[in-house]
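Notes follow once the structure below has been shown.
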Amino acid sequence: MRISTLTFQTNAIDQMDQLETALSKTQSELASGKQIQQAADNPAGMAQVNQLNAELSASQQYVTNQNAATANLQLEEQALSDATNVLQSARDLAVEANNASLTAPQRQDIATQLQQQLQQLISIANRTDSNGNYLFSGYASQTQPFTQAGNAVGYAGSDGVNQLQISANQRISGGDAGDAVFMNIPGGNGTFTTAAAAANTGSGSIDGGSVVNASQWTPDTYTIAFTSPTQYQVTDSGGNLVASGAYASGDTIQFKGIGVTVSGTPAAGDQFTVAPAGKASAFATLSGLITTLSSQALSPSQVSTQLGGALAQIDGAISQFGSVSASVGARLNAVTAAQSSEQSSQTQLQSSISQLSDVDYAAAVTKLNSQEVALQAAQQSYASLARLSLFNYIQG
């Protein structure tokens, strides 16, 4: 088999081109630090890298969501703590005001202090984050949630809240809607409310009551009417007699699984009502306190009854804030656990990507040196053979 000069040159050049291409690829790998430059280099490896990069990107988004949730929930936690302190201070003032020896000006002074605390509570409920988003507006984060008109405070935010994906299988609420936190608080003791009739003429007052046996409680509006200062009867909303008996100041009147204490001396015809607890706002509770203490028309027993109801409402609001705060704390703990998990996951993903795509510099440098030697040898061999011709063997 004869090999022509052209064939020899073509094969030699092709070989050197292949060596140069391989050398160039190795140099590119060393310069970029990546052994997979394009899909053709390693199709299966590139597919794995792309999948791992997608998982890493998702994990990084989870971390972003975790950081946002942590920031918002910490701000909410502080707001709830501050709101609780305001209500606790208001409660102390209500207890101070529930003293028959106080004069009208003294009660008005307390009402003025409560007015300041109402403004503090509204301010807390309208707090924003560092981006100006309201903490308690739900989806409507750019809308101020609470506005005051006279003694009434209304809610303008959304009922729903943003759900943040903090891991592949976990979503949490990034905050709480203001209506659920500040507005929809169970009235009275959470089961029922008590009140004294405006037309009462005696000195009797009623407390907030308590549940003795929840299984016996039937929600309805009940009237406790005193037929004499020492006798009472209880009727339901249909006028049916529920209970009756003798009364002495400080006695607890029990019926339908609940108990209420009436103090003082009711007059014949005085009435008190017991009704199912509805919903009340923390703002309305303070506004009601202010109205009660500012009134000149209420009798001491009516003031005492209304203050007792307000104290029960404040206790309910404080309990509500505590429940929401506990939920916030649980979510913060969940975020902390998710952060730890995602950090570990990202470390593993980055390691796997590195193993698949990063260059082993020591091996690559060794390969580069070998390729350079091979190319130089091929070039020198080609140059030497290319100088040979038949005339080299003809004797002169």
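The values are calculated or read from the model by the stated rules, or taken from the named source; none is laboratory data. Bear in mind the structure is a predicted one, so any value in this text is a computation, not a measurement. We place every Cβ from the backbone using ideal geometry, glycine too, and count neighbours over all the protein chains shown.
Checked against (1) of a type in the set (Gly, Ala, Ser); (2) at pLDDT 85 or above; (3) not assigned by TED's automatic domain parsing to the domain that holds residue 97, residue 396 passes all but a single condition, namely (2).
Take the conditions in a helix (DSSP H, G or I) and either buried (at least 18 other Cβ atoms within 10 Å of the Cβ) or touching a residue at least 60 places away in the same chain (Cβ under 8 Å) (or both) and apply them to residue 335. Does it pass?
Values: in a helix (DSSP H, G or I): yes; either buried (at least 18 other Cβ atoms within 10 Å of the Cβ) or touching a residue at least 60 places away in the same chain (Cβ under 8 Å) (or both): yes.
It is true that residue 335 is in a helix (DSSP H, G or I) and either buried (at least 18 other Cβ atoms within 10 Å of the Cβ) or touching a residue at least 60 places away in the same chain (Cβ under 8 Å) (or both).
When each of 150, 154 is tested for being assigned by TED's automatic domain parsing to the domain that holds residue 86, surrounded by fewer than 22 Cβ atoms within 10 Å (Cβ to Cβ), in contact with a strand residue (DSSP E or B) (Cβ under 9 Å, 6 or more places away or on another chain) and more than 25 Å from residue 329 (Cβ to Cβ), the lone residue that passes is 154.
So that you can scan it fast, the table gives a plain yes or no per residue for (1) in contact with a Leu (Cβ under 8 Å, 6 or more places away or on another chain); (2) more than 28 Å from residue 122 (Cα to Cα); (3) buried (at least 19 other Cβ atoms within 10 Å of the Cβ):
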| position | (1), (2), (3) |
| --- | --- |
| 246 | no, yes, no |
| 250 | no, yes, no |
| 266 | no, yes, yes |
| 272 | no, yes, yes |
| 305 | no, no, yes |
| 310 | yes, no, yes |
| 317 | yes, no, yes |
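Checking region 280-289 against the condition returns a match, with at least one residue being touching a Gly at 6+ places or on another chain (Cβ under 6 Å), within 19 Å of residue 192 (Cβ to Cβ) and not in a helix (DSSP H, G or I).
I'm trying to understand the selection: among the residues of region 220-241, which are β-branched (Val, Ile, Thr), under 13 Å from residue 273 (Cα atoms) and assigned to a strand (DSSP E or B)?
Going through region 220-241, the residues β-branched (Val, Ile, Thr) turn out to be 221, 223-224, 227, 230, 234-235.
Filter once more, so that each one left must be under 13 Å from residue 273 (Cα atoms): 221, 223-224, 234-235.
Scanning region 220-241 gives 223, 224, 234, 235.
The criterion of at least 1 residues that are closer than 30 Å to residue 345 by Cβ is met, among strands (runs of 3 or more DSSP E) falling completely within region 140-211, by 163-167, 170-173. Among the candidates 78, 74, 66, 106, the residue that is assigned by TED's automatic domain parsing to the domain that holds residue 337, surrounded by fewer than 17 Cβ atoms within 10 Å (Cβ to Cβ) and touching a residue at least 12 places away in the same chain (Cβ under 8 Å) is uniquely 74.
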